[in-house]
Amino acid sequence: MIGTVLCYVLLPAARLLQALRDAFFTCGKNVLLAKSPSTQIDGVFAATRGGSVPEEQEALLQQWVEEGAGNLPASEGVPAVKKVSVTLTSDWLEGSELLMTSLSDLNTSPEVSRCADQQHAELNALASSELQGHAVTELARLPAEGTVTGAGSAPWAAGVPQADHQTAGCAGINVEVLNDDPAVLAWSLACDAETEPPVLPAQPMQDEVPFYPVPTEVPYHEILWRDWEDLSVQPCVLEQVSKNTPLFEFRVMSYNILAQDLVEQGLDLYVHCHPDILNWSYRLPNLLQEIQHWDPDVLCLQEVQENHYWEQLEPTFKEMGFACFYKRRTGTKTDGCAVCYKHSRFQLISLSPIEYFRPGLDVLNRDNVGLVLLLQPVLPEGLGLKAVSPLCVANTHVLFNPRRGDIKLAQVALLLAEIDKIARTTEGRYYPVILCGDLNSVPDSPLYKFIRNGELSYHGMPAWKVVSGQEDFSQQLYSRKLLAPLWPSSLGITDKCQYVTLCQPKKLGRREYSRDFLLQFRFCDVACERPPQLLLLEGVTDAKPVASAREYSAVTAVLKRHNSLSFLGKQCSGVIQHGLNLTSVYSHFLPQRGRPEVTTMPMGLGATVDYIFYSAEPVENKAGECRRLYRDGALKLLGRLSLLSEDVLLMANGLPNPFCSSDHLCLLASFGLEISSL
């Protein structure tokens, strides 16, 4: 590194003060170089270690002083400025001592001494008043990395030279004069303390390296800040409060936590991430901290790796007060879905795991799974004779493949049929339902509309269109189209997403009788008279009192075949329905930013594929409206955690990032269940 000491003496007071300000403190940082094994002065002097400057070097220095003084210009009425220049070139190696011309040696020059004597009084008056505050402020910023004592001078802090190798200026005045200045005294006393020598590079720094300041850490917590939206001020909730009807409040979280095996199998999807933040040892504490922070009462997780669940997640969740249930994907897959609830808030009534894989069915040949639970809320003590409705919670992760909308639709239909079985009451109604999961479908896609509006006409629809909308395959010449029926009758699911064995219609006021009960009336007069409008069927509507067992079986087969044909006729129409009346917690649009909400960012493109649906009461639509409208019923939406837009996530380098350890955002909603009197 090259450091140059320039000593200027300016006679006018103003110029002297400016020179002192600029040169004196720069000299303190740069004139004293760090330790070096050898020092060459412009390539002429031989290397020496410690000690004073040889006589031949002093002679050459004196010659340079005289030549420099003669070449400097002089201003009118002002003596010429005298300059002493010493150039030091040092090789930076560890373990040697500093060789330099001390300030006391420079002061032996007659030009410098005369100038110092003439300006002594003016310097004391100016430096003590003007430089004191400036010197203390500037010197407080200087690192005291080492101390070097020149011959006949006070200790000085040995600062590391500036990387730009610019000339360092120093006022050429007597050391005794400097020591009279309070700023210098403060600096000298501060440097008397023992400090460790600077750590120097082992090799000479030949080339200049431009210095780039270290960028400040991205404030992820500020960029990814998510507001809590209080929806308890809605009219339906305020009306409930005005009636003094208590609510059982609870929180539900849905979160795709990104299985580690899937990360390692698809590293190409995460090239924007630093490898360290993809490690499970880094991601797990972040995920657990996020879950613990939001403190949900019901937790629905997707992409939960099996070994991580049994070894780490379940033990941790149990310590947090959760009861946990897990279902791994079928086949060779290593991840699955989990539903956890706080046993202090809920009790389990029933549990139903779902496997979407059905051998021999092309429309259900994938390994996705789901879980459906029926939970009973636990009311706090002191409410007296109060009751609250059970709650059905479902969690699933639907197939991702954008080209197989038929599989997605069949999986959702199977899930809705299971919810219909679990949540249906004996009166034919439904308990409140909350459906969570990664459905791999964007808002307003046909699959989304089917869940929300309760009906979908799928016949002839391209398979990719039913899907998430993540990709557009409309340019393909031979795209797969959905044909009715979507699944065979052997699956046992009707077009209303109900199990065939549970969906027999029941008419109010109609009574059912057994065959043995009806046979008691076979000999009565009324039974022996056939109405004229009644079709004559031998053994059934004739006057014979007893029909053979063979004839009875044949009639039963005919009736069953009639029901089956009726079911197939509805399926062949290409329309499927469900009667759960579900609506989404989120609106999927951020009105403040004028942008859509996103829950994930695959390959840098934001999309909404994660949802929390809940039961609501449909509102009568205006003529011509196909979108079903809802209002809160017994289950009320009280609040939700806001989502983010794509541009905000791009500012945080997408997902995952050091702050969010999954490629999905968590969804969180607060609900209230009406508490009624017994």
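Quick notes on this structure:
- Options Trp228, Trp310: the member that is over 14 Å from the mean Cα position of the chain (by Cα) and over 16 Å from Ala338 (Cα atoms): Trp228
- Number of the condition not met by Pro532 [criteria: (1) at pLDDT 65 or above; (2) surrounded by 11 or more Cβ atoms within 10 Å (Cβ to Cβ)]: (2)
- Identity of the residue in segment 594-621, closer than 26 Å to Leu456 by Cα and out of contact with any Leu (no Cβ under 9 Å at 6 or more places or on another chain), that ends up most open to solvent (accessible area, probe 1.4 Å): Glu617
- Qualifying residue in segment 427-445 (condition: in contact with a Ser or Thr (Cβ under 9 Å, 6 or more places away or on another chain), part of a strand (DSSP E or B), open to solvent by less than 10 Å² (accessible area, probe 1.4 Å) and under 15 Å from Cys497 (Cβ atoms)): yes
- Given (1) in contact (Cβ under 8 Å) with a residue 60 or more places away in the chain; (2) open to solvent by 40 Å² or more (accessible area, probe 1.4 Å), index of the condition Ala423 fails: (2)
- Any hit, segment 409-418, residues being open to solvent by 40 Å² or more (accessible area, probe 1.4 Å), at negative phi and of a type outside the set (A, V, I, L, M, F, W, C): no
- Residue within segment 637-648 that is open to solvent by 10 Å² or more (accessible area, probe 1.4 Å), farther than 16 Å from Arg226 by Cβ, outside any strand (DSSP E or B) and not charged (D, E, K, R) present: no
Per-residue answers, yes or no, for (1) assigned to a strand (DSSP E or B); (2) touching a strand residue (DSSP E or B) at 6+ places or on another chain (Cβ under 9 Å); (3) of a type in the set (Lys, Arg); (4) over 23 Å from Ser441 (Cα atoms):
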{"site": "Ile576", "(1), (2), (3), (4)": "yes, yes, no, no"}
{"site": "Thr583", "(1), (2), (3), (4)": "yes, yes, no, no"}
{"site": "Tyr586", "(1), (2), (3), (4)": "no, yes, no, no"}
{"site": "Met603", "(1), (2), (3), (4)": "no, no, no, no"}
{"site": "Phe659", "(1), (2), (3), (4)": "no, no, no, yes"}
{"site": "Ser662", "(1), (2), (3), (4)": "no, yes, no, no"}
{"site": "Ser670", "(1), (2), (3), (4)": "yes, yes, no, yes"}
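- Any hit, segment 368-375, residues being in contact (Cβ under 8 Å) with a residue 24 or more places away in the chain, touching a Ser or Thr at 6+ places or on another chain (Cβ under 7 Å), among the small types (Gly, Ala, Ser) and open to solvent by less than 10 Å² (accessible area, probe 1.4 Å): yes
- Close Cβ contacts (under 8 Å, 6 or more residues apart or on different chains) running from residues in segment 276-303 that are open to solvent by less than 10 Å² (accessible area, probe 1.4 Å) and modelled with pLDDT of 95 or more to residues that are charged (D, E, K, R) and part of a strand (DSSP E or B) comprise Pro296/Arg251; Val298/Arg251; Val298/Lys342; Gln302/Asp438.
The values are calculated or read from the model by the stated rules, or taken from the named source; none is laboratory data. This structure is a prediction, so every number in the text was calculated from the model and none was measured. Note that each Cβ is placed from the backbone with ideal geometry, even for glycine, and that neighbours are counted across all protein chains shown. The protein model used for the area step is the full one, side chains on, heavy atoms only, and it has no ligands, DNA or RNA in it. Shrake-Rupley method; radii C 1.70, N 1.55, O 1.52, S 1.80 Å.
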